[in-house]
1. Show that you can apply the helix-only estimate: for the chain, add -39,500 (n - 2.57) for every DSSP H stretch of four or more residues, divide by all residues, and state [θ] at 222 nm to the nearest 500.
2. Using the C-alpha gyration tensor of the chain, what are the square roots of 5 times its eigenvalues, in whole angstrom, with the largest one first?
3. Please work through the chain and write down the cysteines that have no neighbouring cysteine Cβ at a distance under 4.7 Å.
4. Quick one: compute the contact order of the stretch 8-76, relative version, from alpha carbon pairs under 8 angstrom and 6+ residues apart, as a percent.
5. Between C27 and L71, what length comes free when the chain is fully extended (0.36 nm per residue of separation minus the Cα-Cα distance, one decimal in nm)?
6. Within the stretch 37-72, whose backbone N sits under 13 Å from a point 7 Å along Cα→Cβ of R19?
7. What are the residues whose amide H is under 5 Å from the amide H of H16, where those residues sit 5 or more places off or on another chain and H is modelled from the backbone?
8. Positive end of the charge dipole of the stretch 8-76 (Lys, Arg +1 and Asp, Glu -1 on Cβ, about the Cα centre): tell me which of N24, M49, C59 has its Cα farthest that way.
Amino acid sequence: MSISLNTIGALIDTDHMLRACCNNPKCRHYAKLDLEYLASKLGRDHGSMHKDLVPKLKCSKCKSRNISLILSAKSTEGFGHV
Ligand SMILES: [Zn+2]
C-alpha cells in the first residue's frame with residue numbers, strides 16, 4: 001500500500017496534520033497549520049512538501065521565513081472530539 005502525501009488534499013484525506021516551527025533561535029514559534037484553510041487558498045492539489053509550502057509561509061511572530069514543517073498523523077496525537 002502506498003499513499004502519496006505530497007498534496008494538501010492528500011494530507012486532509014488521510015487525517016494528517018502539519019505543524020510549522022520557526023528556526024529563529026530567539027523565537028522558536030510553533031504552530032499548527034490549518035490545512036483546510038491552505039487548501040481553500042492554494043487548492044487541494046497544491047504540494048504539501050517543504051519546498052512547496054515554506055515559500056508561502058512566514059513566522060507570525062518574528063516574520064522569519066526560516067521555517068521547518070513537521071508532519072504527523074492526527075491519530076497518533078491523542079486528539080479528542082472537535
Ligand atoms: Zn519566529
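1. Numbers: 3 runs with 18 residues, N = 82.
Here the helix-only value at 222 nm equals -5000 deg cm²/dmol.
2. Listed largest to smallest, the semi-axes of the chain are 22, 16, 11 Å.
3. Here C21 come out as lacking a disulfide-compatible partner, given the Cβ-Cβ threshold of under 4.7 Å.
4. Here the relative contact order equals 43 percent.
5. 13.8 nm
6. Hits in the stretch 37-72 for R19 at 13 Å: 68-72.
7. Hits under the 5 Å cutoff: K74.
8. Of the options given, the answer is N24.
The values are calculated or read from the model by the stated rules, or taken from the named source; none is laboratory data. These numbers come from a predicted model, not from an experiment. As a convention, Cβ positions derive from the backbone with ideal geometry for all residues, glycine included, and neighbour counts pool all protein chains shown. Each accessible area value is taken on the protein alone, full model and side chains, heavy atoms only, with ligands, DNA and RNA left out. Shrake-Rupley method; radii C 1.70, N 1.55, O 1.52, S 1.80 Å.
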